[in-house]
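Quick notes on the structure that follows.
Every number in this text was worked out from the coordinates using simple rules, so none of it is lab data. All figures in this text were calculated on a predicted structure; none of them were measured in a lab. Counting neighbours? That spans all protein chains shown, and the Cβs are built from the backbone with ideal geometry, glycine included.
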Amino acid sequence: MSAHRFPVRIYYEDTDFSGNVYHAAYLKFLERGRTEFLREAGIHHSELATEGIAFAVRSMNIDFIAPAHIDDMLTVLTEPVEASGARLKLRQTILREDVLLIKAELTVVSIKTSGGPARLPLSIRALVRP
C-alpha cells in the first residue's frame, strides 16, 4: 500500500501561548492519520475490538522540524514499513504544502484486550509488501 494522505486543519485549541502548534497535538494528528490509513484499507478498530484485538504504540521517534500555526492546512502521510508477528512499523510525516514539519517512525503492537500480545491479523500484514 502506498502512503495514505490525511488532511488536518489547525485550530486555536491546537496551539500554545506562542501561536505554534503544541507538541502533544501532533500526536493526535498522527493517531488520526494511522486510524484513517487502516480504515481506508478496510480495517476498523471497532471490528478488531469485537475480536478482542487492539493496538498499542510500542515506540515512537519524532523529529520536530518546523512549526505549524493556526489555520494551516496540513497533510499527515502514513506509510507501512514492516509487519511481523505482533508488530507493525510505520513511517509518518506531516507537511504544510511541500514543507516538512514532522517526521515520525513508530512501532505499534497488536494486543489482546484481555491482556498479552496477539498476532497481527493477515489483513494488516498484507498492507506491507515485501
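Could you give the size of the charge dipole of the chain about its Cα centre, using +1 on the Cβ of each K and R and -1 on the Cβ of each D and E, expressed in debye and rounded to the nearest 20?
On the way: 16 positive and 16 negative charges, 136 e Å.
It comes to approximately 660 debye.
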>> Cross-link candidates for LYS103: which lysines have Cα within less than 18 Å, leaving aside residues fewer than 8 places away along the same chain?
In response: LYS28, LYS89
> Given the C-alpha centroids of the stretch 78-98 and the stretch 45-69, what is the distance between them in whole angstrom?
Replying inline: 10 Å
> What is the extension gain from ASN61 to ALA3, computed as 0.36 nm multiplied by their sequence separation minus the C-alpha to C-alpha distance, in nm to one decimal?
Replying inline: 19.0 nm
> FRET efficiency for HIS23 and ARG119, Cβ-Cβ distance as r, R0 = 41 Å, nearest 0.05?
Replying inline: 0.75
